[in-house]
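A short reminder: the numbers here are calculations on the coordinates, not readings from a lab. The structure presented is a predicted model; accordingly, all values stated were derived computationally and were not measured. With ideal geometry, Cβ positions are generated from the backbone for all residues, glycine too; neighbour counts draw on all protein chains shown.
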Amino acid sequence: MINTLIGDIGHTSVIVAFVAAIVSSLAYFMAARTKVEMFGDTSWRNLARGAFYVHGAAVLMIIFSLFNIIYAHRYEYYYAWSHSSNHLPIHFMISCFWEGQEGSFLLWIFWHVMLGVTLMNVGKKRKEWEAPVMAMFSFVQIFLTSMILGVVLGDVKIGSSPFILMRDFMADAPVFSMDPNYVPQDGTGLNPLLQNYWMVIHPPTLFLGFAATLVPFAFAMAGLWKGKFTEWIKPALPWAHFAGVTLGVGVVMGAYWAYETLNFGGYWNWDPVENAVYIPWLVLVGAIHTMVAYRRSKQGLRASFILVITTFLLVLYATFLTRSGILGNASVHSFTDLGLSGQLFTYLAVFAVLAIGLLVYNWKKIPATEKELTTYNGEFWIFIGAAVLCLAAFQVLATTSIPVYNSFMGFIGIETNAALPADQIAHYTKFQLWAGLFVALLSGIAQLLWWRKVDKASFVDAITMPAMLTLLFSSLIIILSNKFDILPFKLDNWIYITLLIASLFSVFANLSIILGLIHKKVALSGGAVSHIGIALMLIGILFSSGYSKIISQNNSGLLYSREFPDEVNRDNVLLWRNTPVEMDKYSVSYRGKFFEVAGVPGYVNQEILFRTADEYKAIARADIKAGDKVYYKTGDTLELSTPENTYYELEYKNRKSGKAFLLYPRAQVNPNMGLLASPAIKSFVDRDLYTHVSSIAPEEKEWSTMKEYDIAMGDTVILNDYIAVFHGVEMVNKVPGVELKQGDVAVQADMQILGETKSYHVHPLLIFKDGMAGYYPEEIGDLGLRVTLLNIDPATESFKIGVNTTQREWIILKALEKPFVNILWIGTLIMAMGFIMAIVRRSQDGNKVMPKSGAKVSISNKRKAQAV
Amino acid sequence: MKKSHIFGIIIIGLAIMIIMTTAGDASTYVSFGEAIARAQDGDNSKVHVVGRLQKDAQGHIINMQYDPLVDPNYFAFTLVDTNKVEQRVIYFNPKPQDFDRSEQVVITGNMKQDVFVADKILLKCPSKYVEKDINKTASL
């Protein structure tokens, strides 16, 4: 039976949320008017607050309804059918929320509600700012909720509702005209690439980052509107930091997911969807710095306005780019076009016009200092740094928007066929590498100047130690890598060397700042900590991407074609089962297919699992052990947690030390998406070993024609060049998977076959049941043999067996080495730590402003001065 | 000149350089005819070609060659562009994962002698973008 109640509840809640957002923004707008504030009339504000809480409650109701639909497997709803399935574990049901566009909009709306409620209830100056800031918040919520309205006005469809019924979405499908109450029994499931721990936490973090960029924007707009051109920076700054850390960490989580799940061999591909979230983050970091500069010396106010507004507009642009379908052929990540492009463009346009309009109108009124900056001012270098960040963002934006140029030109009638650069990675890297280099250098220089007197002597004094340490360590690394073999790379490229020097300089300069503050107030060193984090990230990227090495070189000498020697690559290598291949310093062999069994750690060999009609259930053919513990005994029924995934066991043996480890890259043959492979990564201290399967042998094996052998007990016979010994037969009472009744006879033969490295036992069965003979052959995957017990002649005590052979199993493998990639992840954590320190400091009393440029930080001197 | 003016000029200069590099590095979507013409003119820049796979009357893909046992890094197929021109394409990498199911294929590369050497293949699979057939799942 179709349950329309929950969908109706959900849909109604969306409408309530939409209307409440309208009421709240209008009421807050009224409450923010100067007349109302002067009279102390709070009635508008109370109405607005009430409306926002109603809006929040409605949003929670929407979430509850959608979750119920997914959790209770209500496949009469399109969202549940297309994004979930019966076997989906609960933690992945949460991921279903954001597989679809409607769900991810909902996530964004939810974060805005959380942030809005926090702003309304926390903070000292909230009474003053609440009305105009929350007016912006509610105004934004109107647009976002309109994206999931799913309401039709005349010819125009507004929004795409997550609560649409299957029969309404697929109105043309014949099954619904036959039975309008038809409910599919299972959904099509969550995209296997999203069934991953990182996909549960990356989207919420990223969307929180997006949502958080609204806060400084709302403060900036409120400041412009109410004429409070300078006071908005103080309350907005900790929020800007918060947005910076959540968006930044969210982006890196996405990179880590890509590294672990996709198999392009890295963590960043400069795909338009990746770029779309990177661009606003760069500008946000620039904005944070100009705001910090303003807090200390009242400079950079106009720049802060521009950058904060630009950050938010870029977030809206990113949304437009990724959700409108405009990327089309340009990105593997293009989401389904829901026909929302008009709405998304309107959203972007309205806020662009509003923000830029307000800014231009008030431009002359914004106080700007006349004081000239010298090169020994920290602020001067901060502004250069912000400019570098903005130029870097501009470069990525210019190229990523190429599909938009095409669309726009097409709109006005000119046909352009511009495509993204053929080598995207080289194109972006050539600018971004230099941007990173300058950011590292500037973050060192600016910090050294920030905390000191504004003169040359002070600067030279500060820079000496860090500069010396930098040169020392850089030389050490250069010599070690070029002359000795300890490090997994040779540092001989001058651009990379310069990047390393700049990053090390940033590390040491910022370290010296932290050490200087340890005795005074180390809580002030958030910026220095973050800069060290960024510098480490740059070093990690330098080594892991710059020196990424493919170790699976195909040295077999077999090349199909030698026509184009420059193009030919040998990155992938063929591995026959159980035949080792030399790769770098390892001997690698492929040892078989494995599965994940519920409750058992590690993986279980396919050969000891007897599959049943239910793909999730199997019967153990032997004891299932992990380590010394026995989990299942022969004949037990067990559950396969992910039967669609096959794990390929690879043994890597270090040729010199003899130490070996096992890796299990994963692959599945998906009916909709073809072969999906995920890598297996082994992390060492100085590198990651990254392996993935590129191609697998077809599942359907082609067996040769059967060769029959007449043998007697104890005989030795040669089967396909392997020596086999027939030990005899025995009667069995129990056969896993087969029901034996009275009168049924089951006979099992025991044959031992000697392979190259070990011997194998096969037990083919012959079952006489209901007057018919049933053959249950056994295969030895390693040897490509299938043995069938064909006949028993008790009179002559001879037995007949049949043997089929097949080509041995193979896989195609690609393996890479990523030196020092762990430094990238560690750097991210350190950067986040620094941000958090800054949030704490800035949200406490921001009145403990840094000493004006020109005074040394010396508390004892101050006390002496006061005592006088 | 005021420091901020020098600052501004440098920034504008860099921005112009960025725009020029973007325009210079941008590739174009062309047909095979155009790709062949470029190669004949000595222009080795990489281009994008959109096309469909060559299929027989029953809709099965023909002339596709991948023998991993011989050379896992060699894959050849025939692509039909929007002008119905058929061209042999070679890709020195394993066959991409969902190649057989793709509706449209975008290749990036250039013509070398009489063959298009692709260094990137982007696939458009119909099921990602079009509703799946309900009848594939079990019914009540």
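Checking the conditions here, which among A:Val597, A:Val685 is of a type in the set (Val, Ile, Thr), more than 14 Å from chain B (Cβ to nearest Cβ) and either in contact with a Phe, Trp or Tyr (Cβ under 7 Å, 6 or more places away or on another chain) or buried (at least 16 other Cβ atoms within 10 Å of the Cβ) (or both)? Answer to the check: A:Val597.
Here A:Asp492 fits the description: more than 14 Å from every other protein chain (Cβ to nearest Cβ), among the acidic types (Asp, Glu) and under 34 Å from the mean Cα position of the chain (by Cα).
Restricted to the stretch A:207-324, the set of helices (runs of 4 or more DSSP H) holding at least 3 residues that are free of Cβ contacts under 8 Å to residues at least 60 places away in the same chain and among the hydrophobic types (A, V, I, L, M, F, W, C) comprises A:233-261, A:301-323. For the stretch A:370-401, filtered to residues that are polar (S, T, N, Q) and in a helix (DSSP H, G or I), the residue that is farthest from B:Thr21 (Cα to Cα) is A:Thr400.
Taken together, A:Gly527, A:Gly516 contain a single residue that is under 30 Å from A:Ala287 (Cβ atoms), touching a residue at least 12 places away in the same chain (Cβ under 8 Å) and over 32 Å from the mean Cα position of the chain (by Cα), which is A:Gly516. Entry remark, the stretch A:799-826: residues being part of a strand (DSSP E or B) and closer than 17 Å to A:Leu719 by Cβ number 8 in total.
Does any residue of the stretch A:343-363 turn out to be on the phi < 0 side of the Ramachandran plot and within 13 Å of chain B (Cβ to nearest Cβ)? No, every residue in the stretch A:343-363 fails to be on the phi < 0 side of the Ramachandran plot and within 13 Å of chain B (Cβ to nearest Cβ). Once the stretch B:57-72 is narrowed to residues that are hydrophobic (A, V, I, L, M, F, W, C) and over 11 Å from A:Leu574 (Cα atoms), the residue that is farthest from the other protein chains (Cβ to nearest Cβ) is B:Ala57. Can we say A:Asn578 is away from every other protein chain (no Cβ under 14 Å), among the polar types (S, T, N, Q) and within 32 Å of the chain's Cα centre (by Cα)? Spelling it out, it is not the case that A:Asn578 is away from every other protein chain (no Cβ under 14 Å), among the polar types (S, T, N, Q) and within 32 Å of the chain's Cα centre (by Cα).
Looking only at the stretch A:419-435, filter to residues that are in a helix (DSSP H, G or I) and closer than 26 Å to B:Ser31 by Cβ; which one of those is nearest to the other protein chains (Cβ to nearest Cβ)? Ranking the qualifying residues of the stretch A:419-435, first place goes to A:His427. Screening A:Val353 with (1) buried (at least 21 other Cβ atoms within 10 Å of the Cβ); (2) in a helix (DSSP H, G or I) gives one miss only, at (1). Just one of the listed residues (A:Lys549, A:Lys490) is in contact with a helix residue (DSSP H, G or I) (Cβ under 7 Å, 6 or more places away or on another chain) and of a type in the set (Lys, Arg), and it is A:Lys490.
Which number in (1) in contact (Cβ under 8 Å) with a residue 24 or more places away in the chain; (2) surrounded by fewer than 17 Cβ atoms within 10 Å (Cβ to Cβ) marks the one condition that A:Ala426 misses? Here A:Ala426 meets the rest and fails (1).
Annotation: A:Phe383 fulfils all but one of (1) farther than 26 Å from A:Thr290 by Cα; (2) among the hydrophobic types (A, V, I, L, M, F, W, C); (3) at the interface with chain B (Cβ under 10 Å from one of its Cβ atoms); the unmet one is (1).
The set of residues in the stretch B:91-111 that are within 15 Å of A:Asp571 (Cβ to Cβ) and either under 12 Å from the mean Cα position of the chain (by Cα) or part of a helix (DSSP H, G or I) (or both) contains only B:Tyr91.
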